[in-house]
Structure formats: C-alpha cells, structure tokens
Ligand SMILES: NC(=O)c1ccc[n+]([C@@H]2O[C@H](COP(=O)([O-])OP(=O)(O)OC[C@H]3O[C@@H](n4cnc5c(N)ncnc54)[C@H](O)[C@@H]3O)[C@@H](O)[C@H]2O)c1
C-alpha cells in the first residue's frame with residue numbers, strides 16, 4: 001500500500017485493510033458488505049479486508065462474527081493495544097458513539113491512518129472538528145464523513161461554495177418517537193393527546209442537538225456541509241400521521257432553492273438508526289475503492 005497525499009492508493013492485487021469500531025446496526029452492515037463484497041446480492045467490488053473489530057460489548061462482536069465468512073484476526077473490547085493494531089490497517093471506521101470519535105479517531109490520525117466517522121454529532125463538540133482537520137492535514141490522511149441518514153448534502157456543499165442564505169431542517173416523527181425526551185417532558189407535552197401535527201421545537205441546530213440528541217447526526221451533517229450549527233435552523237415536529245422518520249431540508253442561496261425529503265426506513269437491528277445511514281457508509285467505501293467519483 002502506497003500512501004500519497006492522504007489518498008489510499010493500491011495496486012490491483014492489494015486489498016485495503018480496514019478496522020471497525022462499533023459492531024451494532026451500522027457496523028454489522030458495513031462489516032458484512034466488506035466480508036461478502038456485496039449487499040443483498042448486489043456486487044460491490046470494494047477490494048477491502050477486515051483486520052480488526054472493536055466493541056465494548058463482546059456479544060455484539062460474537063453475533064456479527066457468526067454472520068461473517070472470514071472472521072477478522074483481531075478482536076478487542078476497548079482501546080488497549082490500539083497503537084499495535086492500528087499498524088495493521090489503512091482505514092479505521094468509527095460507527096460506535098460520540099465518545100468513540102475522540103477515543104479512536106485522533107489516535108488513528110496520529111498513526112497516519114484514514115478514518116470514516118459515522119457519529120458525526122461529535123464534530124459539533126467545541127474544537128474537535130478543527131483538531132481532526134489539523135491532524136489529518138499534518139499526517140496526510142483522509143477523513144470520510146458519509147451523508148448518513150440525510151440526503152441533499154451534495155447540493156448544500158455545492159451551494160456553500162458560493163453564498164447560502166438559509167438552511168432549514170424539519171424532522172417529523174410519530175409522537176411515540178419522542179417518548180422519554182427530557183425537553184418534551186419538562187414542557188408538560190402529552191405526546192399521546194397529539195391528534196394533529198405539533199411543533200415541539202424550532203431553533204438553531206446547535207441548540208436542537210442538546211434537546212433532541214437522537215437528531216444530532218442529521219443536524220450535524222447539514223451544519224458541516226452548509227452554513228454551520230448556529231445558522232442552520234431546525235424544526236422538530238410530532239406528527240401522528242408519520243409512520244417513519246421524515247427529514248425535509250430546505251436551502252436557499254445564490255444557486256436558487258433546494259428542497260429534499262427523505263422518508264427513512266429504520267434499520268432492523270436498531271430502530272433509532274435509518275437503514276440509509278448504513279448504506280451511505282458502504283457507498284462511501286465504494287467511493288474510496290473506485291477511481292471514478294460520481295457526485296460532489
Ligand atoms: N451519520 C448518521 O446519519 C447516523 C445515522 C445513524 C446513526 N449514526 C451514529 O452511528 C453510530 C452507530 O450507530 P448504530 O445504530 O450502529 O448504533 P448501535 O447502538 O446499534 O451500535 C453501536 C455499537 O458500538 C459499540 N460502542 C459504543 N461506544 C463504544 C466505544 N467507545 N468503544 C467500543 N464500542 C463502542 C456499542 O457497544 C454497540 O455495539 C452512533 O453513534 C449513531 O448515533 C449516525
């Protein structure tokens with residue numbers, strides 16, 4: 001493997017060696033895609049090899065390994081001996097938790113490894129995005145942040161090269177989807193008496209992620225691609241007619257107007273996670289493997 005200006009370069013016969021942190025809903029889909037080089041019978045042509053798996057719950061790894069054709073050699077439940085196992089890989093995929101971003105991504109970059117981050121909400125934490133940016137530049141590494149459960153990131157990125165005037169995210173969920181939410185409880189909102197759609201929150205993305213942590217990744221991806229977490233507006237709506245989580249993005253700028261609506265199917269393994277998030281990670285892996293890149 002020859003590393004040149006942060007790009008994973010490989011000869012045809014060489015596989016990209018991958019380490020995965022987090023073997024839950026997203027991690028399992030990613031690992032199975034790498035292992036079989038396919039998703040539901042559709043060939044991927046990734047040319048990747050799983051080298052290590054890390055999960056703090058050994059049960060998650062065990063379950064996953066039962067479904068893999070080739071079990072990775074290195075299995076860990078924490079970041080001990082991280083320096084040694086990082087030497088075995090070219091790319092580290094974080095699909096665990098916000099805490100795992102600090103715990104694994106910074107050490108991986110320090111070792112000159114490329115990384116993919118799924119817990120993108122962590123990047124709204126003061127200074128972390130900048131630190132990751134500095135480290136990756138210094139070490140010549142790439143940091144991949146898939147679009148996750150949201151669509152329209154391509155248009156936002158293009159628009160943000162010029163001027164974007166506004167970005168607004170509206171997230172609709174059935175009222176039961178807000179059960180246990182502290183912000184909703186504190187306002188005495190009775191979720192089960194909601195008969196027609198009701199707005200629970202409207203404000204900047206930065207504040208929205210504090211009150212609705214389950215929304216953090218979508219709000220963070222949009223903020224990073226567009227105009228930042230202060231200027232991006234978020235509306236949270238409890239909608240009794242909603243069956244799935246629906247995200248609508250509206251952006252206005254010099255380029256014109258963009259409107260995107262995603263109706264997400266939940267992942268079977270974790271209903272809080274959209275299946276599209278796992279697919280977007282796998283699509284990003286395809287982007288790493290293929291010389292031709294379609295889309296911004
Ligand atoms: N970018 C997006 O749009 C998007 C969408 C959905 C989920 N996510 C995020 O991706 C991450 C994974 O989602 P998921 O649905 O697979 O979650 P999950 O709960 O199904 O799986 C996470 C796994 O990671 C493990 N884990 C958590 N913290 C760890 C740590 N510090 N060290 C080792 N293992 C750890 C857990 O034990 C669990 O097995 C979450 O942070 C989630 O918020 C992002």
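The values are calculated or read from the model by the stated rules, or taken from the named source; none is laboratory data. Since the model is a prediction, treat every value here as computed from it, not as a measurement. Cβ: placed from backbone, ideal geometry, glycine included. Neighbour counts: every protein chain shown.
Odds and ends about this structure:
- Any hit, the range 138-148, residues being buried (at least 16 other Cβ atoms within 10 Å of the Cβ) and over 26 Å from residue 229 (Cα atoms): yes
- Against the list (1) surrounded by fewer than 22 Cβ atoms within 10 Å (Cβ to Cβ); (2) within 19 Å of residue 175 (Cβ to Cβ); (3) without any contact (Cβ under 8 Å) to a residue 40 or more places away in the chain, the condition residue 196 fails is (3).
- Top-ranked residue of the range 252-290 - restricted to ones that are part of a loop (DSSP other than H, G, I, E, B) and buried (at least 21 other Cβ atoms within 10 Å of the Cβ), ranked as nearest to the ligand (Cβ to nearest atom): 273
- Within the range 86-101, no residue that is closer than 18 Å to residue 217 by Cβ and not assigned by TED's automatic domain parsing to the domain that holds residue 76 sits with its Cβ atom under 9 Å from a residue that is assigned to a helix (DSSP H, G or I) and near the ligand (Cβ under 6 Å from one of its atoms) at 6+ positions apart or across chains.
- Test: residue in the range 160-178 that is free of Cβ contacts under 8 Å to residues at least 40 places away in the same chain and in the same structural domain as residue 217 (by TED's automatic domain parsing): yes
- Residues being touching a residue at least 40 places away in the same chain (Cβ under 8 Å), more than 12 Å from the ligand (Cβ to nearest atom) and more than 16 Å from residue 151 (Cβ to Cβ) - total across the range 213-245: 14
- Note on the range 107-121: residues that are more than 12 Å from the ligand (Cβ to nearest atom) and assigned to a strand (DSSP E or B) total 2.
- Yes/no for residue 249 being over 20 Å from residue 128 (Cβ atoms), over 16 Å from the mean Cα position of the chain (by Cα) and within 14 Å of the ligand (Cβ to nearest atom): yes
- Looking across the range 63-77 at every residue that is at pLDDT 95 or above and part of a loop (DSSP other than H, G, I, E, B), the one that is surrounded by the most Cβ atoms within 10 Å (Cβ to Cβ) is identified as 72.
- The lone exception for residue 154 - which of (1) surrounded by fewer than 16 Cβ atoms within 10 Å (Cβ to Cβ); (2) over 20 Å from the mean Cα position of the chain (by Cα); (3) at pLDDT 95 or above it fails: (2)
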